[in-house]
2 protein chains.
Amino acid sequence: MEPGTARIAVDLLGGDDAPAVVVDGALRAMRADPDLHLLLVGPTEVADELIADLDPAQRVRVAVRPVRDVVGMADHPSAARKESTVRAAVTAVRDGTADAMVSAGATGATVTAAVLGLGRWPEIRQPALVATLPAVAGPVVLLDVGGSLEPRPATLARHAVLGAAYAAVAHSIPAPRVGLLSVGTEAGKGDRVRRATDPLLAAERLPAGARYIGLVEGYDVTLGARADVVVTDGFTGNVLLKAIEGAYAMAGGPPAEGGAPRAAALLGVAGTVVVCHGSARAGDVASGIALAAHLWRRRATDLVSALLDGDAATDRANRSTDTEVRTS
Amino acid sequence: MEPGTARIAVDLLGGDDAPAVVVDGALRAMRADPDLHLLLVGPTEVADELIADLDPAQRVRVAVRPVRDVVGMADHPSAARKESTVRAAVTAVRDGTADAMVSAGATGATVTAAVLGLGRWPEIRQPALVATLPAVAGPVVLLDVGGSLEPRPATLARHAVLGAAYAAVAHSIPAPRVGLLSVGTEAGKGDRVRRATDPLLAAERLPAGARYIGLVEGYDVTLGARADVVVTDGFTGNVLLKAIEGAYAMAGGPPAEGGAPRAAALLGVAGTVVVCHGSARAGDVASGIALAAHLWRRRATDLVSALLDGDAATDRANRSTDTEVRTS
């Protein structure tokens, strides 16, 4: 764990089994990380229940943002109440009251709240959910795992840029190898989206010294031998991640390197946002909070954004040079 | 193993490491199954090499279909030579010289050769590649795993019918539960194709007492708790199968129930065709031959076809009754 205070906003009502598993997960995270501060976003009575389980030294690391306006409105559907807590958590990040936020609520609602509340980075039409899978040779960054189900080729190419920057910043992977997930490794393999994306990626200038290695297959997501970053659509990525989790359960437990991740970072919005699966258990919520704290301590969001900006700035400079050459 | 002679045509030149691994795999299959007969399709010198490793009692169970016309033409690209062996193997099934065929050559070439040489069943536009994954509660039939990368909703609905019939016939699963793979289980989850297919499947009459249980997730492919048949597009199915195989390798080996399958049945053509992965090893080729023999001994192709015909006949009867009711 890297040093430094991290103030994480936690959506107490997000997730199928909220608030119980969120409270339990937040308590675990507090105990594991002495520099962690939590902003509990939700009903005061839920926050009080959590605080009651802390000792006095831990209590000073907890603050509460009550979501009063909808809590207690018994006629409000549960989904609407949960969305209001995720919006309040996003607001806390925007205000600077929290450094990052975590929700196990509906992914679509979290992405929408983050886009509206924090704003997208320039040239990012669709933010990406990024999951990191442990493999033998090191972590594999998989994106998208559920943010954009039907991305256009240009979106997949942008996600490759995001993934490369994230691999370098969040996981210290030097010169990441980026692959496009398909049904074979030979050029031309795959559906229309893959065939259209492959040449775009070959032409894309990637940040952090990353290079595009071409098409990769399902094996490469789990074994990690060929690529550090694997780019796919959110439908395939989501299905894949859950199938891998099931495979590890079938095989009697995750490999020594670690199992399938249960938390993903949302990349492409101006703030640090971590999404846990809706069926998250307490350990998953705790790992989501730990991921948010890790990303904040690495200043991952700012550094990824800066790599993209540098990219865009170099692009502008290149275009300007091209123009000069042409007009000379 | 069920009793009865099975005569399997083997494409000696199909696969990245053919003919060596095909020869090795065929030898293993011969030794494991005393009622297995092989028709070796390919260059005579390769067949002779295989036969030399058999004892006299085994030799009577082997025949050769030499593929003379292109073998020895050194200027022919390797791919064209391999495709000619798969066409000859298909012809052997059509002629009745073989009961079924196996190839580890390019999937697309095998599907094309099978469709052209054997013909499609009525109302099947796109045949499906079907793989069976072992799970705790019994096998899970996954289709498509690479035959049709971008199926329309109507094709996915037909594949559900094929998968249900196959689960009943090939794996003796009573009243199979059929699920549509998506990113969540609630209705409306998924991309456009899934949202359009879900109501089609809900309205589809499935054979063999099967019922549609709605959307399922990646977990359900590996754990098998909710569905016996999982329907998806060939892109997702192919990527998934390989990722699961990689996950089992990562976890130190497949679960006790068995690992990810390395051979798939082609359903929807008028003959028994098994496809092995292009990177098949000898054990994979042997398991492909064993699958072909199993399907033949169960008369799976005929029985699946009959279930579909029964289905179509009942549909016609229902339509006719409807018309009578309307005109009365």
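The values are calculated or read from the model by the stated rules, or taken from the named source; none is laboratory data. Since the model is a prediction, treat every value here as computed from it, not as a measurement. Note: ideal-geometry Cβ built from the backbone for every residue, glycine included; neighbour counts use all protein chains shown.
In table form, for the structure just shown:
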item: Some residue of the range B:184-191 being buried (at least 22 other Cβ atoms within 10 Å of the Cβ) and under 27 Å from B:Leu295 (Cα atoms); result: no
item: Yes/no for A:Ala247 being touching a helix residue (DSSP H, G or I) at 6+ places or on another chain (Cβ under 8 Å), part of a helix (DSSP H, G or I) and surrounded by 21 or more Cβ atoms within 10 Å (Cβ to Cβ); result: yes
item: Strands (runs of 3 or more DSSP E) wholly inside the range A:110-208 that include at least 3 residues being touching a Lys or Arg at 6+ places or on another chain (Cβ under 8 Å); result: A:177-181
item: Failed item in (1) in contact (Cβ under 8 Å) with a residue 12 or more places away in the chain; (2) touching a helix residue (DSSP H, G or I) at 6+ places or on another chain (Cβ under 6 Å); (3) facing chain B (nearest Cβ under 7 Å), with A:Asp228 passing the rest; result: (3)
item: Sole residue being crowded, with 21+ Cβ neighbours inside 10 Å and facing chain A (nearest Cβ under 8 Å), chosen from B:Gly253, B:Gly234; result: B:Gly234
item: Residues of the range B:175-191 classified as away from every other protein chain (no Cβ under 14 Å) and modelled with pLDDT of 95 or more, total; result: 4
item: Check on A:Asp309, touching an Asp or Glu at 6+ places or on another chain (Cβ under 9 Å) and either surrounded by 22 or more Cβ atoms within 10 Å (Cβ to Cβ) or not assigned by TED's automatic domain parsing to the domain that holds A:Val169 (or both); result: no
item: Every residue from the range A:209-221 that is away from chain B (no Cβ under 14 Å), in a loop (DSSP other than H, G, I, E, B) and either crowded, with 24+ Cβ neighbours inside 10 Å or of a type in the set (Ser, Thr, Tyr) (or both); result: A:Ala210
item: Number of the exception - B:Ala282 against (1) facing chain A (nearest Cβ under 9 Å); (2) farther than 30 Å from B:Arg125 by Cα; result: (1)
item: Test for B:Leu241: is it at pLDDT 95 or above, assigned to a helix (DSSP H, G or I) and assigned by TED's automatic domain parsing to the domain that holds B:Leu36; result: no
item: Of all residues making up the range B:93-109, the number that are in contact with an Asp or Glu (Cβ under 9 Å, 6 or more places away or on another chain) and assigned to a helix (DSSP H, G or I); result: 2
item: Some residue of the range A:155-167 being modelled with pLDDT of 95 or more and more than 17 Å from A:Leu206 (Cβ to Cβ); result: no
item: Hey, A:Tyr219 closer than 27 Å to A:Ala292 by Cα and aromatic (Phe, Trp, Tyr) or not; result: no
item: Yes/no for B:Ala286 being crowded, with 18+ Cβ neighbours inside 10 Å, among the small types (Gly, Ala, Ser) and outside any helix (DSSP H, G or I); result: no
item: Count of residues meeting criterion [more than 20 Å from the chain's Cα centre (by Cα), within 21 Å of B:Pro3 (Cα to Cα) and surrounded by 21 or more Cβ atoms within 10 Å (Cβ to Cβ)] in the range B:17-52; result: 1
